[in-house]
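*Asks:* Let me begin by handing over the structure; questions about it come next.
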Amino acid sequence: MYPKKAEIISALAVMEESVRAEQKKLTKEASLADYARCAKSGTQNGTDVTVWTEAFQKALDENEIVRIPAASEPYYIDAPVILPSNRRIEAEDGAVIRLTEGVRTILFRNAHTSDGTHRPVSGERDRNIAVIGGRWEESIDHRAGYGYTGMIDAERSYYGVSTCMFFNNMDGLLLENLTFAHTAGFSVQVGDIKNAVMKNIAFAECYADGLHVNGNMENLWIRDVRGQCGDDLVALNAYDWQNSSVDFGPMKTVLCENLELSADSPCKAMRVQPGLYYYDDGSSVDCALYDTIIRNVRGIKSFKLYYQTPAYRIEGGTPEKGAPGSGDWLFFEDILMDLDGPNDGFREYLESDPVRGKFAAFEIGSNIGHLVLENIDLTLHRDRYPLSALLCVGPKSCLIRDGEVEVFDPYVNCHVDAIEVNGLRINGGKPEDTAAILRTVRFDNINHDGRSTGCGTVGSLRLDGREVR
């Protein structure tokens, strides 16, 4: 085992023990049923129901531990419930907590959230919060978020929050044994947290990302995550667009393992996105990714490790300010992948455009030190997609709207110092064609706009200990 990998695993084991030890200190508890007097009447799809928002809030304000009994009908919530520090919610099997129809705000958040969009997150931090058990639902049947649902409040005072549960600016978070259903935005959005454990989490007919992790995360262990999502099952977006994050900065010491995306999920990718983010005053932060292990993954056919800004018009438009981010000691292992086509179904990839048409299971558009791939079992369909490969390093470019709009960032220059590949299988055997392992991309003003020249370079590639040129 690489020493760095052992160091990551050891550090996270110690972290989890400390998170659980803090939770064991909590003692004062009550059942949500004890606060039934605070519930009120409401309607759901024309039917009378009980709305538990005020009961939930009062129980959490007065107790460290709130237990949610199983019930024959859901516990309906019609406004955000706020979790103070040193709290734990424990929901029994059979307890369903559901946002009422028409609610456009989140379900849960911690008390001292902070918006890091315009300047780094600051202010008092929360600590020691856990949500364990239960089925958490929204009353919707399609993707929304982005101001339609999942807002932090009715005014959408945090533009980048788009989720069911939101936690940031805190130390010590435990999410365990949760099921999410019908979430229109992200199911869980987190950032600016030190010491977080998320384990045994399932998604049923969710319409966007499952676990959406943003920047300034240190010590994160995600394990046993599965189900149906409309987008990423887990996204590690240290850098992100402003409509999808309020937390920008590095992510360090991460283990994501035992991930299984259902076969009927429409987007079979996992975004792992570094990038350079600029604040209003012109200062910047490298939203880098360090010391990360992603292992035992099924159902995902590509990992997106590239910087990407919102699409922009070639004539009269400009890309959002930023640049590729960095990373070091990124490990991917025990991954079964069938690259039966590009995740981004643009013409350039579908028709194998000779300049823009390269795509891969691992697409790199960042500056990375050490990248290690171990025990990857990949199926390529090079009869249909001859430019597909295990790895692709360099910028991406696809045009839409009659060639007027650029989807990606063709000006990106990026470099990977050292790639190590061990135990690779392609189409059931050891690869003999280097082009099936690694491709690099170079553009020379391909959009004729003066900002579409970029390239990807690699320092060294080692296959089972042997250097490949």
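*Asks:* Could you tell me whether segment 321-337 includes any residue that is over 21 Å from the mean Cα position of the chain (by Cα) and over 30 Å from T253 (Cβ atoms)? Break it down stepwise before answering.
*Replies:* Taking segment 321-337 and keeping what is over 21 Å from the mean Cα position of the chain (by Cα), we get 321.
Next cut, over 30 Å from T253 (Cβ atoms) only: none.
There is no residue in segment 321-337 that is over 21 Å from the mean Cα position of the chain (by Cα) and over 30 Å from T253 (Cβ atoms).
*Asks:* Let me ask you something else. Picking from V96, V81, which residue would you name as being among the β-branched types (V, I, T), in contact with a Gly (Cβ under 8 Å, 6 or more places away or on another chain) and within 26 Å of G230 (Cβ to Cβ)?
*Replies:* Values: V81 fails: in contact with a Gly (Cβ under 8 Å, 6 or more places away or on another chain).
Criteria check complete, one pass: V96.
*Asks:* Separate question: Residues being surrounded by fewer than 20 Cβ atoms within 10 Å (Cβ to Cβ), in a strand (DSSP E or B) and among the polar types (S, T, N, Q): count how many of those fall in segment 283-303.
*Replies:* Matching residues across segment 283-303 total 2.
*Asks:* Can you name the residue in segment 149-187 that is among the β-branched types (V, I, T) and open to solvent by less than 30 Å² (accessible area, probe 1.4 Å) and, of all such residues, is farthest from S245 (Cα to Cα)?
*Replies:* Of segment 149-187, the ones among the β-branched types (V, I, T) are 149, 152, 161, 163, 179, 183.
Still in the running and open to solvent by less than 30 Å² (accessible area, probe 1.4 Å): 149, 152, 161, 163, 183.
Details: T149: 15, I152: 12, V161: 6, T163: 10, T183: 17 Å.
Per the criteria, the residue is T183.
*Asks:* Being part of a loop (DSSP other than H, G, I, E, B), open to solvent by 10 Å² or more (accessible area, probe 1.4 Å), among the charged types (D, E, K, R) and at pLDDT below 95 is true for just one of D264, D231, D280. Which residue is that? Before the answer, list the steps.
*Replies:* Values: D231 fails: at pLDDT below 95; D280 fails: at pLDDT below 95.
Within the list D264, D231, D280, the selection yields D264.
*Asks:* Within segment 305-316, identify whether any single residue is in a loop (DSSP other than H, G, I, E, B), touching a Cys at 6+ places or on another chain (Cβ under 6 Å) and either over 19 Å from A208 (Cα atoms) or open to solvent by 10 Å² or more (accessible area, probe 1.4 Å) (or both), and answer yes or no.
*Replies:* No, there is no match, as no residue in segment 305-316 is in a loop (DSSP other than H, G, I, E, B), touching a Cys at 6+ places or on another chain (Cβ under 6 Å) and either over 19 Å from A208 (Cα atoms) or open to solvent by 10 Å² or more (accessible area, probe 1.4 Å) (or both).
*Asks:* Just one of (1) open to solvent by 10 Å² or more (accessible area, probe 1.4 Å); (2) under 20 Å from the mean Cα position of the chain (by Cα) trips up R347, so point out which.
*Replies:* (2)
*Asks:* Quickly run through segment 192-221 and pick out the residues that are under 16 Å from E257 (Cβ atoms) and within 11 Å of the chain's Cα centre (by Cα).
*Replies:* Hits for segment 192-221 are G210, L211, V213.
*Asks:* Answer yes or no: is there a residue in segment 247-257 that is surrounded by fewer than 18 Cβ atoms within 10 Å (Cβ to Cβ) and out of contact with any Lys or Arg (no Cβ under 8 Å at 6 or more places or on another chain).
*Replies:* No, segment 247-257 contains no residue that is surrounded by fewer than 18 Cβ atoms within 10 Å (Cβ to Cβ) and out of contact with any Lys or Arg (no Cβ under 8 Å at 6 or more places or on another chain).
*Asks:* Which residue is surrounded by the most Cβ atoms within 10 Å (Cβ to Cβ), if the candidates are limited to segment 50-68 and must be free of Cβ contacts under 8 Å to residues at least 40 places away in the same chain and assigned to a strand (DSSP E or B)?
*Replies:* Residue satisfying both the conditions and the ranking: V66.
*Asks:* Another question, if that's okay. Could you grab the pairs with beta carbons closer than 8 Å, sequence gap of 6+ or different chains, first residue in segment 301-324 and modelled with pLDDT of 95 or more and of a type in the set (K, R), second one in a loop (DSSP other than H, G, I, E, B) and open to solvent by 30 Å² or more (accessible area, probe 1.4 Å)?
*Replies:* K301/K268; K301/D340; K301/N343; K304/N343; R313/E404
*Asks:* Here is a further query. Hey, can you tell me all the residues within segment 433-459 that are exposed (fewer than 13 other Cβ atoms within 10 Å of the Cβ) and under 29 Å from the mean Cα position of the chain (by Cα)?
*Replies:* If the condition is that a residue be exposed (fewer than 13 other Cβ atoms within 10 Å of the Cβ) and under 29 Å from the mean Cα position of the chain (by Cα), then G459 is the only one that fits.
*Asks:* Tell me which residues, restricted to segment 426-469, are of a type in the set (K, R), in a strand (DSSP E or B) and within 15 Å of N413 (Cα to Cα). Before you say what the answer is, go through the steps one by one.
*Replies:* Here is the first cut: in segment 426-469, the ones of a type in the set (K, R) are 430, 439, 442, 451, 462, 466, 469.
Then drop every residue that is not in a strand (DSSP E or B), which leaves 439, 442, 462, 466.
Correct list: R439, R442.
*Asks:* Pick from R226, R156: which is more than 25 Å from Q23 (Cα to Cα), free of Cβ contacts under 8 Å to residues at least 60 places away in the same chain, part of a strand (DSSP E or B) and not hydroxyl-bearing (S, T, Y)? Working first, answer last.
*Replies:* Numbers: R156 fails: part of a strand (DSSP E or B).
Checking each option against the conditions leaves just R226.
*Asks:* Mind counting the residues in segment 169-191 that are within 14 Å of the chain's Cα centre (by Cα) and either of a type in the set (V, I, T) or part of a strand (DSSP E or B) (or both)?
*Replies:* 6
The values are calculated or read from the model by the stated rules, or taken from the named source; none is laboratory data. Here the structure is a predicted model, which means the values were calculated and not measured. Don't worry about glycine lacking a Cβ; one is built from the backbone with ideal geometry, like all the others, and counts go over all protein chains shown. What goes into the accessible areas is simple: the full protein's heavy atoms, side chains included, and nothing from ligands, DNA or RNA. Shrake-Rupley method; radii C 1.70, N 1.55, O 1.52, S 1.80 Å.
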